[in-house]
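Novice: Once you've had a glance at the structure underneath, I'll fire off some questions.
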Amino acid sequence: MIDGYAYARLLRPLWRHRVRRGGLVLLLGRLLLSRLTPGTALSSWWPKAFARYLLGLDPGKLQPFAEEAARVVAAEVRPEMREAIAAERARGAEIWLVSATVDLLADAVTTAFGFDACVATRLAMAHGRYDGNLDGPVCRSGEKLRRVRARLGELGLDADWPACSYYADGYEDLPLLEAVGHPVAVRPDERLFAVATARGYRVVGPARGHRAGG
């Protein structure tokens, strides 16, 4: 749910601080072309395109820009999601961000919200700099569920899946929604809205036109 929105918030400080502006122009041009290509899933497009833009850049120098973007994302979160986060905290739930967004940005958003953990698309590194590639597949669809299970295993935890909630806005998030006992569709795309309505999932906010989840 933070995918393209969060990237847009990150592009602003990158442009303002003149971080490879030519690359940003090329990135936006590719984005426009992708919107003209039927079937393009932005949750897959953004991480790969952004990884190419980051080639050779130092993560440490980019961190302040990611943190700035994350603070904006946290400040602008919709009231219904703010209420949902508060309700989950009130019942003692551990809150994880599970997103297709690259870890540079997703980790910063996790910190800004005060979440407990983050599972996201990983950027590959070489010699302390981004190498223009992803470290593994994009964290979307069934890969989200696989990575959550892997992370739980790394931490030595065993999730009580029937007691878990998962909030998502895209049909591609169905594998993780189906794994939990309390699936929630938040401003869902048309396909997810249809499934949520048929299965009796909780729906927060109005349905939207189809777009990939994030």
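Just so it is clear, none of the values below were taken in a lab; they were calculated from the coordinates. Keep in mind the model is a prediction, meaning the values are calculated, not measured. Please note: Cβ atoms are built from the backbone with ideal geometry, for glycine as well, and neighbour counts cover all protein chains shown.
Novice: Residues that are in contact with a Phe, Trp or Tyr (Cβ under 8 Å, 6 or more places away or on another chain), of a type in the set (Phe, Trp, Tyr) and either assigned to a helix (DSSP H, G or I) or closer than 21 Å to Tyr5 by Cβ (or both): does segment 109-119 have at least one?
Specialist: Within segment 109-119, one or more residues are in contact with a Phe, Trp or Tyr (Cβ under 8 Å, 6 or more places away or on another chain), of a type in the set (Phe, Trp, Tyr) and either assigned to a helix (DSSP H, G or I) or closer than 21 Å to Tyr5 by Cβ (or both).
Novice: Turning to a different aspect of this structure: Just one of Leu145, Leu192, Leu104 is farther than 25 Å from Ala86 by Cβ, without any contact (Cβ under 8 Å) to a residue 40 or more places away in the chain, of a type in the set (A, V, I, L, M, F, W, C) and surrounded by 16 or more Cβ atoms within 10 Å (Cβ to Cβ); which is it?
Specialist: One residue alone meets the criteria, Leu145.
Novice: Would you confirm whether or not segment 50-62 contains a residue that is surrounded by 13 or more Cβ atoms within 10 Å (Cβ to Cβ) and within 17 Å of the chain's Cα centre (by Cα)?
Specialist: Looking through segment 50-62, at least one residue is surrounded by 13 or more Cβ atoms within 10 Å (Cβ to Cβ) and within 17 Å of the chain's Cα centre (by Cα).
Novice: Does Glu67 satisfy the condition of being under 25 Å from His127 (Cβ atoms) and assigned to a helix (DSSP H, G or I)?
Specialist: yes
Novice: Next question. Scanning segment 148-176 for residues that are touching a helix residue (DSSP H, G or I) at 6+ places or on another chain (Cβ under 9 Å) and over 27 Å from Ala51 (Cβ atoms), which turns out surrounded by the fewest Cβ atoms within 10 Å (Cβ to Cβ)?
Specialist: Checked segment 148-176; the qualifying residue surrounded by the fewest Cβ atoms within 10 Å (Cβ to Cβ) is Asp158.
Novice: Also: Quick check on Ala75: is it within 20 Å of Ala6 (Cβ to Cβ) and buried (at least 16 other Cβ atoms within 10 Å of the Cβ)?
Specialist: no
Novice: Tell me yes or no: at least one residue of segment 155-164 is more than 28 Å from Ala90 (Cβ to Cβ) and not charged (D, E, K, R).
Specialist: no
Novice: Follow-up question, since we're still on this one. Answer yes if at least one residue in segment 166-180 is of a type outside the set (Val, Ile, Thr), without any contact (Cβ under 8 Å) to a residue 60 or more places away in the chain, out of contact with any Pro (no Cβ under 8 Å at 6 or more places or on another chain) and in a loop (DSSP other than H, G, I, E, B), and no otherwise.
Specialist: No - not one qualifying residue is present in segment 166-180.
Novice: Would you please name the residue that is nearest to Ala196 (Cα to Cα), looking only at residues in segment 144-165 that are in contact with a strand residue (DSSP E or B) (Cβ under 7 Å, 6 or more places away or on another chain) and assigned to a helix (DSSP H, G or I)?
Specialist: Ranking the qualifying residues of segment 144-165, first place goes to Lys144.
Novice: Let me ask you something else. Out of Leu10, Leu97, Leu31, report the one residue that is closer than 22 Å to Ala124 by Cβ, out of contact with any strand residue (DSSP E or B) (no Cβ under 8 Å at 6 or more places or on another chain) and touching a residue at least 24 places away in the same chain (Cβ under 8 Å).
Specialist: Testing whether each residue is closer than 22 Å to Ala124 by Cβ, out of contact with any strand residue (DSSP E or B) (no Cβ under 8 Å at 6 or more places or on another chain) and touching a residue at least 24 places away in the same chain (Cβ under 8 Å) leaves just Leu10.
Novice: Still on this structure, please answer the following. Can you find a residue that is crowded, with 19+ Cβ neighbours inside 10 Å, in a helix (DSSP H, G or I) and touching a Gly at 6+ places or on another chain (Cβ under 9 Å) anywhere in segment 30-43?
Specialist: Yes, some residue in segment 30-43 is crowded, with 19+ Cβ neighbours inside 10 Å, in a helix (DSSP H, G or I) and touching a Gly at 6+ places or on another chain (Cβ under 9 Å).
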